[in-house]
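To start, the structure under review is shown below, and the notes come after it.
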Amino acid sequence: MRPTERPRVVWASVDMGEARLLDGDTDACNVSTGRRRVDMGNPHVVLLGPDPAGIDVASIGSELERATPGGTNVEFIALGPGPDEITMRVWEGGVGETLACGTGACAAAAAVHAWGRTGPKVTVHQPGGAAVVDVSGPTVVLSGPAQLVARVDWVEVP
């Protein structure tokens, strides 16, 4: 962790484990579209296409979740706004659309890098904020701003 310019906010990094790019759709990417299944310890389908702001994430995400045995998370991504950057919205299986997803950002970065569209360090822009994903090693490292929002004490009741 390292401090940032913002009070009480640090830059933190987390080893997210291996991104397993699943067989069967390795070549399913062309100039502007792509589809890739990625296992980050939980299942993901990464869809490369137009700006996710114009996509009906709730309809398409829930349909893909239901069509996948056991469910899945669905990442809707577009290249940019800059080099080695993607813009993403996510449908989390069992939850719905969320503002951000760490394993989803890692799955999307692994897919877009495997397609040769980015380098190994990918900035992933989500409605909840941006994070940096490094896929250069044997495991994926997710980095971004972190802030303590609560302290909780609990007592176990026998």
message: List pairs: first residue in segment 1-16 and among the aromatic types (Phe, Trp, Tyr), second residue in a loop (DSSP other than H, G, I, E, B) anywhere in the structure, Cβ distance under 7 angstrom, at least six positions apart or on different chains.
response: Trp11/Met1; Trp11/Thr4
query: How about segment 44-72: which of its residues are touching a Lys or Arg at 6+ places or on another chain (Cβ under 6 Å), part of a strand (DSSP E or B) and in contact (Cβ under 8 Å) with a residue 40 or more places away in the chain?
result: Val46
- request: Quick one: Trp11 ticks every box in (1) assigned to a strand (DSSP E or B); (2) modelled with pLDDT of 95 or more; (3) not basic (Lys, Arg) except a single one, so which number is it?
  value: (2)
- prompt: Within segment 27-38, is even one residue modelled with pLDDT of 90 or more, of a type outside the set (Val, Ile, Thr), touching a His at 6+ places or on another chain (Cβ under 9 Å) and farther than 22 Å from Ala130 by Cβ?
  reply: yes
- prompt: Is segment 97-115 home to any residue that is free of Cβ contacts under 8 Å to residues at least 24 places away in the same chain, in a strand (DSSP E or B), closer than 20 Å to Gly17 by Cβ and out of contact with any His (no Cβ under 6 Å at 6 or more places or on another chain)?
  reply: no
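Yes or no, residue by residue, for (1) touching a helix residue (DSSP H, G or I) at 6+ places or on another chain (Cβ under 8 Å); (2) within 14 Å of Val140 (Cβ to Cβ); (3) crowded, with 16+ Cβ neighbours inside 10 Å:
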{"site": "Gly61", "(1), (2), (3)": "no, no, yes"}
{"site": "Gly82", "(1), (2), (3)": "no, no, no"}
{"site": "Ile86", "(1), (2), (3)": "yes, no, yes"}
{"site": "Glu97", "(1), (2), (3)": "yes, no, yes"}
{"site": "Arg117", "(1), (2), (3)": "no, no, yes"}
task: Kindly indicate whether Gly41 is outside any helix (DSSP H, G or I), surrounded by fewer than 16 Cβ atoms within 10 Å (Cβ to Cβ), modelled with pLDDT of 95 or more and not acidic (Asp, Glu).
output: yes
task: Return the only residue of Val133, Val122 being at pLDDT 95 or above, more than 23 Å from Gly54 (Cβ to Cβ) and not in a loop (DSSP other than H, G, I, E, B).
output: Val133
- line: Residue pairs within 6 Å by beta carbon, gap of at least six or interchain, first lying in segment 139-154 and touching a residue at least 40 places away in the same chain (Cβ under 8 Å) and surrounded by fewer than 12 Cβ atoms within 10 Å (Cβ to Cβ), second assigned to a loop (DSSP other than H, G, I, E, B) and not aromatic (Phe, Trp, Tyr), listed first then second, are Gln147/Arg8
message: Just to be sure before I move on: is Glu75 surrounded by 13 or more Cβ atoms within 10 Å (Cβ to Cβ), in contact with a Gly (Cβ under 7 Å, 6 or more places away or on another chain) and assigned to a helix (DSSP H, G or I) in the structure I sent?
response: no
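The values are calculated or read from the model by the stated rules, or taken from the named source; none is laboratory data. Since this is a predicted model, take the numbers as computed values, not measurements. A quick note on method: Cβ atoms are made from the backbone with ideal geometry, for glycine too, and the neighbour counts reach across all protein chains shown.
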